[in-house]
Amino acid sequence: MNATAFAPAHVTGFFEICRTSSPETTGSRGAGLCLSLGATASVERSDHTEVMVNGRPGGEVTATALRLLTPEPLRAHVTLDLPVSQGLGMSAAGTLASTLAAASLLGLSRERAVAAAHVAEVRCSTGLGDVLAAARGGIEVRLSPGLTGEIIGVPGGGEVVVAVVGPPLPTVQVVTDDRQGQHISWVGRRCVEDMLRRPTLDNLFFLSRRFAEETGLLQPAVGTAVEAAAEHGRVSMCMLGNAVFAMGDTPALQEALAGHGDVYTCRVAQRGARLIGH
């Protein structure tokens, strides 16, 4: 017997790091959007906890989350639609899909599944707000951090073009650097304040690009891709990764970005993480 769940990928446009003494209340403020591509996880009982990601052993964060959720050993088979460590929230998606499936299998609550995934991401320094955004779906502004943080929706939807233009950029390298983190948070705080004054999709892209430039996170290859796509719609850097996300004239964006890296086309996912086949 097994259970299966899907969690959308999540792109963060800008963020403020919010650390507390507890992983439950640690997280981020910021804004982003969920994608129709993401992670599917099938979970079954086993004699030891094991995670397979795209057919290979891995998934340290997912294994951590499953152990936080239950002492019962489980095996998770996770399929990722997008690359990891590219600002697409794939660690969060794979982990959340796994804990949701595990919770269904064991008769546990959705709230416990989300909490286990979020705490595992924080403890492993692989994310701060992606789990909570992916659980909700849509386009969002995270007003306060952690499991009980307030999230508001932003109207909008449509096709999204994602291009991965450089090597992976592990989140841990940024979120654990105190000096860099302080500057990022200062810029991110201003972006959140400006977003709340005009909570629109256009403003999310505008502030995301400003955030990438003012924080110094915008890598040369990403900047070149952004400029190439800018005349065809809205575009900015995925946080944190060597990737861009764009919305506008989809065929033109695909063509403009094709020479810069691997291109994926999907839609804004209006629904959050959920069980499959239920």
In whole angstrom, the spacing between the Cα centers of the stretch 250-264 and the stretch 16-50 equals 29 Å
Rounded to whole angstroms and listed largest first, the alpha-carbon spread of the stretch 130-278 along its three principal axes comes to 45, 42, 31
Taking the chain and counting helices only, DSSP H stretches of n ≥ 4 at -39,500 (n - 2.57) each over all residues, the nearest-500 ellipticity at 222 nm comes to -12000 deg cm²/dmol
Dipole check, the chain, charges on Cβ (K,R +1; D,E -1), about Cα centroid: among Val11, Ala93, Leu68 the Cα furthest to the positive pole belongs to Leu68
re the stretch 60-157: pairs of Cα atoms spaced beyond 17 Å account for a percent value of 49 percent
In cubic angstrom per residue, the convex hull of the chain built on its Cα atoms measures 114 Å³
At the level of C-alpha centres, the distance separating the stretch 70-106 and the stretch 138-208, in angstrom, is 22 Å
Taking Cα atoms only, helix 60-69 is inclined relative to the longest principal axis of the chain by an angle, in degrees rounded to 10, of 50 degrees
About its Cα centre, the chain carries a charge dipole, from +1 on Lys and Arg Cβ atoms and -1 on Asp and Glu Cβ atoms, whose size in debye to the nearest 20 is 560 debye
Here the stretch 114-130 yields Karplus 3J(HN,Hα) values (6.51, -1.76, 1.60; θ = phi - 60°; whole Hz; Gly and Pro given as x) of 5, 4, 4, 5, 5, 4, 4, 4, 5, 4, 8, 6, 10, x, 10, x, 5
All alpha-carbon distances of the stretch 69-113, grouped into 5 Å bins from 0, give the whole-percent distribution 5, 22, 28, 20, 13, 10, 2
By accessible area (1.4 Å), largest first, Val53, Val161 order as Val53, Val161
Taking only the alpha-carbon positions of the stretch 1-134 as identical scatterers, the Debye log10 I(q)/I(0) at q = 0.10, 0.11, 0.14 Å⁻¹ comes out as -0.27, -0.33, -0.53
Counting only protein heavy atoms and rolling a 1.4 Å probe, one gets per residue an accessible area for the stretch 67-187 in Å² of 37 Å²
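The values are calculated or read from the model by the stated rules, or taken from the named source; none is laboratory data. Predicted, not measured: the structure shown is a model, and the values here were computed from it. Please note: Cβ atoms are built from the backbone with ideal geometry, for glycine as well, and neighbour counts cover all protein chains shown. For the accessible areas, the whole protein counts, side chains as well, though only heavy atoms, and no ligand, DNA or RNA atoms are used. Shrake-Rupley method; radii C 1.70, N 1.55, O 1.52, S 1.80 Å.
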